[in-house]
Structures are given as C-alpha cells and as structure tokens.
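A short reminder: the numbers here are calculations on the coordinates, not readings from a lab. Keep in mind it's a predicted model, so treat the numbers as computed, not measured. Because the Cβ atoms are built from the backbone with ideal geometry, glycine has one as well, and the counts that use them run over all protein chains shown.
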Amino acid sequence: MVNIMFRWYTLSLICLLSWLHPMEHLVTKGLHPFYISVVEINHNVKEKTAEVSIRIFTEDLEATLKKYGNTKVDLLHPVDKAVVDKLLNDYIQHKLQLNLEGKAVTMHYLGYEQQMESIWTYLEVKDVPTMHKVKVKCSLLYDYQDKQSNLFHIKSDGKEQNFKLDYPETVISYW
C-alpha cells in the first residue's frame, strides 16, 4: 500500500511540476523539468533471487549511452539489438553495484522494454536465500545530468524501504 501511495505521490509531483513549468517552453530548449530514474530491488524468496528493475526516461538513457559508448543509440528501433543490449548492460554494470548480505554480487542482464516515455531494464541476482542487508552504489545518469535523482524501492521480507540519491550522492544502505 505504501508503495502504491509513494508512486502516486511521485506521479502527482511530476504532473504538478509539468503544470508549473509550461512544457512548450521546456521542449523548445530541449529540456524537461526533472531527471529521475527509479530502481526497484525485490527479493523473490521462492526463486531465491533479487530482481532488479530500472526505469529511465528514454531520451535521457539514449543520450547517456551515446556519450558512454561514443555511438548513436536508438533503443526503440535498434539496428542491432545485441549491440544495444551489450552497451546497456555494460553501462548499468559500471554505474550500479549491489552488495547483498555483505558480499558483492553479480547482476545478470535480462533485457529491456519500452513503457510510455521510459525504458525498463531488467536484471537478476541468483542464489539470494535472504536479503536483509543491502548496500547499493549508484551513479546512473550522473554523467549525463548533475540534477539527476535516483529513487530506490527495496522490498524484502514483506517490507519496503524507499531511498533517494541526488547527484553527487552514490551510496545507500538498508539493514
């Protein structure tokens, strides 16, 4: 319930910001009023995995990957999806690291999909029997925009914790 309320609150805030700053003015300058990504980390007890989902605005992610990979990126109509998948995976692995139960873990890239104006990227950590201690190091899109904020929703044992990292902050811990 708290997760649903937090998401509605976030969406309401985004809508309010959009209303307060007319979009035609922002679009003519090639800007939008906020730079936010959402990272969800869910412990799947039955599968003994940590499921990681990352939501980023498509245009921000494409611009970041272009800069990171020094090549044009079109996530919606890729010329070679395998190349885009590799670039996206490399970027996320470099900018997002997880430490579970006191140990660094490897995230396995599963893929991405478009949802409205954003891209959801999915990763998974295998062999996670418990998830009581979580440490995250994240600098997603910090190399694109110094107004970037990364929101985290961590779910484990029926509990949820929400965190926010604003540039230049990079570390959160959940114990």
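Points to keep in mind about this one:
- Sum of side-chain charges, HIS132 neighbourhood, beta-carbon under 13 Å (Lys, Arg +1; Asp, Glu -1): +3
- With semi-axes defined as the square roots of five times the eigenvalues of the C-alpha gyration tensor, the equivalent ellipsoid of the stretch 35-174 measures 25, 17, 13 Å, largest first.
- Qualifying GluC sites (Glu not before Pro) for the stretch 51-121 [loop in DSSP, other Cβ within 10 Å: at most 11]: GLU117
- Stokes-Einstein D for the stretch 64-145, Kirkwood Rh over Cα pairs, 4 °C, 1.567 mPa s (µm²/s): 92
- Residue exposure sequence - TRP120, TRP175 - by fewest surrounding Cβ within 10 Å: TRP175, TRP120
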